[in-house]
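Here's the structure we're looking at; comments come further down.
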Amino acid sequence: MRGSVMGTAVTLAAGTLLTAAMTTTAAASPPTATTTPVKAAQTHTVLVDCFFHRNVRPEDFILACGDGNSRLVDLHWTQWGPDGAQAFGLNMVNDCKPYCAAGTFHAYPVVIRLSGQKTWQRHPSFERFANISLTYTNARPDTFKQVMTYPLWD
């Protein structure tokens with residue numbers, strides 16, 4: 001009888017190990033043709049920055065790539081999708097007085113809108129936003145309109 005109990009214990013242990021191995025293998029294996037993909041040709045809409053990095057809902061974003069004298073900070077995204085994106089935050093703009101290196105940055109509250117979804121030439125599996133619009137909700141820099149729209153990098 002002792003051998004029977006021992007044999008049963010070994011069989012149960014072996015079954016448990018086999019089940020664990022099969023579960024681990026199934027979880028680690030890539031999807032097969034029998035699984036249902038989320039979306040076969042799924043695209044991701046991104047915001048391309050000065051360094052051609054793709055961003056989704058960034059907390060900050062440089063607008064003036066050459067000198068950094070205009071950037072968006074403290075961004076809070078309320079929408080992000082293929083039809084556009086929207087956030088609110090601050091546009092930090094250097095007044096460049098008396099010249100840019102000695103200038104002072106000023107914060108202007110803005111509503112940011114991204115639009116114009118296009119295929120990203122560098123990474124065709126991604127869609128990118130082509131335009132950014134800033135709407136100043138209060139004060140704005142001297143030479144700026146209340147709504148400023150700029151093309152974005154490809």
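Every read-out reported here was derived from the displayed coordinates using simple, explicitly stated rules and does not represent laboratory data. This is a predicted model, so every value here is computed, not measured. Quick reminder, even Gly has a Cβ in these numbers, built from the backbone with ideal geometry, and neighbours come from all protein chains shown.
Label positions at Ala64 and Gln146, each projected 7 Å from the Cα along the C-beta direction, are separated by 2.4 nm. Qualifying chymotrypsin sites (Phe, Trp or Tyr not before Pro) in the range 84-154, where qualification requires a DSSP coil assignment and no more than 11 other C-beta atoms within 10 Å, comprise Tyr99.
How far is it, in nm, from the label point at His123 to the one at Thr78 when both lie 7 Å from their Cα along the line to the Cβ? Reported label-point gap for His123 and Thr78 is 2.8 nm. Shown here for the range 76-140: trypsin sites (Lys or Arg not before Pro) in loop regions (DSSP other than H, G, I, E, B) with at most 13 other Cβ atoms within 10 Å, namely Arg122. Under a Cβ-Cβ cut-off of 15 Å, what is the net charge of the residues other than Thr119 that fall near it, where Lys and Arg count +1 and Asp and Glu count -1? Taking every Cβ under 15 Å from that of Thr119, the sum is +2.
In the neighborhood of Val147, defined by Cβ-to-Cβ distances under 15 Å, what is the net charge if each Lys or Arg adds +1 and each Asp or Glu adds -1? That works out to +3.
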